[in-house]
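Submitted below is the structure of interest, expressed as structure tokens.
The values are calculated or read from the model by the stated rules, or taken from the named source; none is laboratory data. Quantities reported herein were computed from a predicted structural model and do not represent experimental measurements. So basically every Cβ, Gly included, is an ideal-geometry build from the backbone, and we count neighbours across all protein chains shown. SASA here: full protein model, heavy atoms, side chains in, ligands and nucleic acids out. Shrake-Rupley method; radii C 1.70, N 1.55, O 1.52, S 1.80 Å.
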Amino acid sequence: MASVSSSPCSPQVVLLLPVPLQPQPRCRLPRLPLPPLGLSAGTRRGGGLVFPLPLPAPRAAEGNDGRTVAKEEEEEEVEDEEDGEERGGHDGSRDAEGPGAPRGSGRFAADYISLGIREPVYEVIEVKSNGRVSTKKISRRQLLKSSGLRLRDTRSVDPSLWLMNSMPSLLVREQAILLNLGSLRAIAMHERVLIFNYNSSGGKVFLELLLPRLNPRNINGGPAMPFQLEVVEAALLSRIQRLERRLMHVEPRVDALLEVLPNRLTGDVLEQLRLSKQSLVELGSRAGALKQMLIDLLEDPHEIRRICIMGRNCTLDKQSDDVECSVPLEKHIAEEEEEEIEMLLENYLQRCESCHGQAERLLDSAREMEDSIAVNLSSRRLEVSRVELLLQVGTFCVAVGALIAGIFGMNLTSYLETNAWAFWATTGGIAVGAVAGFFLMYRYLKARKIL
């Protein structure tokens, strides 16, 4: 390519033409001043490059409240970026979960991923409505997605929070029922139930009662109850049976102790009484908590109706709280199930009240026996104190006689040592004086009702 220029070392910018290039003599061009920051490159005009003049920085206009418009624009940009990030995180989590995921599950999983915390995984037993049992591992995110629950709902059945959630509870949600009855923690849905801590005593008893109910041979031709009601009844029955068994184990021991005491006060007997009383206190508190849960559930018909419409194409009117179904037959079935559930809860409430009342009566008997033992021990301590007081009075009278004997033993001349009768007279006087002083002190103590 050839160049057209007035001088090879001229500081002007040359115009390049599409012709064969010829070697040019090397020269060093002087440095040109750089354009201001933020401006675009030079534009081509005519035969050379023309750099635009630096533009003045825009002045920020003052707002009504004293804040500059530029600062407001910067804050709006930051807020838009944060909203965009949140929307992107929510959209990504919702796309990963699918349209049926519950609210909060995507945000919960995103928080776990962003914080680098390992998501909890539960090992549960799944029992389906046909009686099929399988053991599976399920993460918290999958649990929330499949059951339609929220994160705060799982706190009542989370095995890692058993110290915080020791009170029995029965929570009804749109697609599931959460059961927390001591060592039994489960989530009952329309066609299956997930059992946590299935190796515990409560989980084993619950499985033993639930599986025979799901066997079609045990129905005996009667109408089958909905699966979730079978689960609720088996859970309540397992809990009350455990309380009754514990009561039957404690009651004979308490009766035997009440027959022996308070005549036989030994360390072993008192220790057995203490342990029995502790068992009764624990039994009474558990039965009382279950009783209160059943009372609260019976006093809330809304929760009972939510159990009835679970798995059906029915809804509850927000104003009248009536059941509304697309099919009239389903509404009739739901109303009948509501009465059955109320009767079921009342039956178990009576059994729970009986167990709680019996435990309270045994506990009152044990406390009365403790009071009787305390009175008996107090009377014995009073007798011992009386004997000690009599001994102290006798010791005082004898000490007075010893004082007189000590006076005569000072080896000083008293003109009595020359008489033979002085020894016998002094000894007799000391004895008579001690006895007289003892009886005088005894009468004084009796008169003051000290003895």
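Going down the table (LYS145/LYS318; LYS204/LYS331; LYS136/LYS318), which pairs top 30 Å between alpha carbons?
LYS204/LYS331; LYS136/LYS318
If you don't mind, there's one more thing I want to ask. With 21 Å as the cut-off, how large is the P(r) tail for segment 344-448, expressed as percent of Cα-Cα pairs?
Distances greater than 21 Å cover 66 percent of the Cα pairs.
Using only the C-alpha atoms of segment 253-372, find the volume of their convex hull and express it per residue in Å³.
108
What whole-number value in cubic angstrom gives the convex hull volume per residue for the C-alpha atoms of segment 139-193?
Looking at segment 139-193, the number lands at 76 Å³ per residue.
Ok, one more. Specify the inter-centroid distance of segment 253-274 and segment 334-387, based on alpha-carbon positions, in whole Å.
About 17 Å separates the Cα centre of segment 253-274 from the one of segment 334-387.
Related question: Pulled fully out, how much extra length does the chain show between TRP421 and ARG155, if you take 0.36 nm times their separation in residues and subtract their Cα-Cα distance?
Between TRP421 and ARG155, full extension yields 85.8 nm more.
Taking all protein chains in place and a 1.4 Å probe, what share, in percent, of the accessible surface of segment 302-370 do carbon and sulfur account for?
In segment 302-370, the share of accessible area belonging to carbon and sulfur is 44 percent.
I'd like the distance separating the alpha-carbon centroids of segment 426-451 and segment 161-197, in whole Å.
78
Now, a different point. What figure, in Å² to the nearest 10, do you get for the accessible area of TYR198 with a 1.4 Å probe and non-protein molecules left out?
40
In addition: First check a/c for segment 192-333, with a ≥ b ≥ c the square roots of the eigenvalues of its C-alpha gyration tensor; if it is under 1.5, answer rounded, and if not, answer prolate when a/b is larger than b/c or oblate otherwise.
Verdict is prolate for segment 192-333.
Placing +1 at every Lys and Arg Cβ and -1 at every Asp and Glu Cβ, with all other atoms neutral, what dipole size does segment 348-451 have around its Cα centre, in debye to the nearest 20?
Computed charge dipole of segment 348-451: roughly 300 debye.
Here's another thing I want to ask about it. Using a simple charge model, +1 on the beta-carbon of Lys and Arg, -1 on the beta-carbon of Asp and Glu, nothing else, what dipole does segment 288-397 show about its Cα centre, in debye to the nearest 20?
Rounded to the nearest 20 debye, it is 1060 debye.
Work out Dmax and Rg for segment 285-352 from the C-alpha atoms and quote the Rg first, both in angstrom.
Spelled out, the Cα radius of gyration and Dmax of segment 285-352 are 13.6, 45 Å.
What area, in nm² and to one decimal, does the C-alpha convex hull of segment 270-314 cast on average over all directions?
Orientation-averaged projected area of the Cα hull: 4.0 nm².
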